[in-house]
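Visitor: The structure follows.
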Amino acid sequence: KDNLVLQADPGAGTITGVTMNRCIVVDAFSTTASHSQGIYASGVDSLLIEECVFDHNGWSETVPAAATGFNHNQYINSCTNVTLRGNLVLRASSQGTKLSTESAVDFDTLLVDNCCYIEGEIGVGAGGNEAGSFRFINFTVKDCVMMWMGRAQPTGGDLGWFIVFKDQDGGLIEGNLL
């Protein structure tokens, strides 16, 4: 279902100081109605994912595991001080990197630097799933390459977006090849 889960227990504080370096994370899928990701991280402070490959997570073409808009290569929820650097993020079910939170100002400081996103519906998507005040602060997406978003459309949808920010306060998008 999920290849890697980093999830803080409610009321127990956050997970602090996690580094993931030069890992290959591929082919996570679920044959039931549950969601699947290459990595799911929630409640983590100081998360570094560097020089990793995330490929074809959230779905399968060879077994009955349908792609949905809820399955991603990277799903990062309610975290602080997140750095994604030098990663290859390929052929996601929906989003290459899904960033989410349901609480105001609950996701602070994100750097996506020098990553390559190929296929999927959305390269980097940040937004809450409900209306409300700002949830994300201090976002930077820079020096990334994003190609063919929406080309394969494994979910059957018609999305094809490179970068989507919603509910953010302060952000910088620069030097990307889209």
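Visitor: Placing one identical point scatterer on every Cα of segment 9-65 and ignoring solvent, what is log10 I(q)/I(0) from the Debye formula at q = 0.24, 0.31 Å⁻¹?
Guide: Debye output, listed in q order: -0.95, -1.15.
Visitor: Once the whole set of protein chains is in place, how much accessible area is left on ARG151, using a 1.4 Å probe, in Å² to the nearest 10?
Guide: Answer for ARG151: close to 140 Å² accessible.
Visitor: If you filter segment 97-178 for GluC sites (Glu not before Pro), then keep DSSP loop positions with at most 11 other Cβ within 10 Å, what is left?
Guide: Sparse-neighbourhood loop GluC sites (Glu not before Pro): GLU130.
Visitor: Top to bottom by accessible area (1.4 Å), largest first, where do LEU48, LEU110 land? Walk me through the numbers on the way to the answer.
Guide: Details: LEU48 40, LEU110 5 Å².
Highest to lowest solvent-accessible surface, that is LEU48, LEU110.
Visitor: Considering every Cα-Cα pair within segment 109-178, what fraction, in whole percent, is farther apart than 13 Å?
Guide: Counting pairs separated by more than 13 Å, the tail of P(r) holds 65 percent.
Visitor: Quick one: work out Rg over Rh on the C-alpha atoms of the chain, Rh as Kirkwood radius.
Guide: On the way: Rg = 14.9 Å, Rh = 15.8 Å.
Answer for the chain: 0.94.
Visitor: Further question on the same structure: Using amide H atoms built in the peptide plane, which far-off residues or other-chain residues are under 5 Å from ALA92 H to H?
Guide: Hits under the 5 Å cutoff: HIS56, GLY120.
Visitor: What's the carbon and sulfur percent of the chain's accessible surface, probe 1.4 angstrom, rounded to a whole number? Intermediate results must be reported in sequence, preceding the final value.
Guide: Numbers: 4220 of 8140 Å².
About 52 percent, which is the carbon plus sulfur part of the accessible surface.
Visitor: Still on this structure, I have one more. Under 1.5 on a/c is rounded, so check that first for segment 30-107, then, if it is not, pick prolate when a/b is larger than b/c and oblate when it is not; a ≥ b ≥ c are the square roots of the alpha carbon gyration tensor eigenvalues.
Guide: Values: a/c = 2.80, a/b = 1.49, b/c = 1.88.
In terms of gyration-tensor shape, oblate.
Visitor: Let me know the longest stretch in the chain that avoids all chymotrypsin sites (Phe, Trp or Tyr not before Pro) found in a DSSP loop with at most 15 other C-beta atoms within 10 Å. It would help to have the intermediate numbers written out before the result.
Guide: Values: sites that count: PHE134, TRP148.
Result, exposed sites excluded: 1-133.
The values are calculated or read from the model by the stated rules, or taken from the named source; none is laboratory data. Just so you know, these numbers come straight off a predicted model, no measurement behind them. Neighbour counts run over all protein chains shown; Cβ positions are idealised from the backbone, glycine included. Ligands, DNA and RNA are stripped out before the accessible areas are found, and what is left, the full protein with its side chains, is counted by its heavy atoms. Shrake-Rupley method; radii C 1.70, N 1.55, O 1.52, S 1.80 Å.
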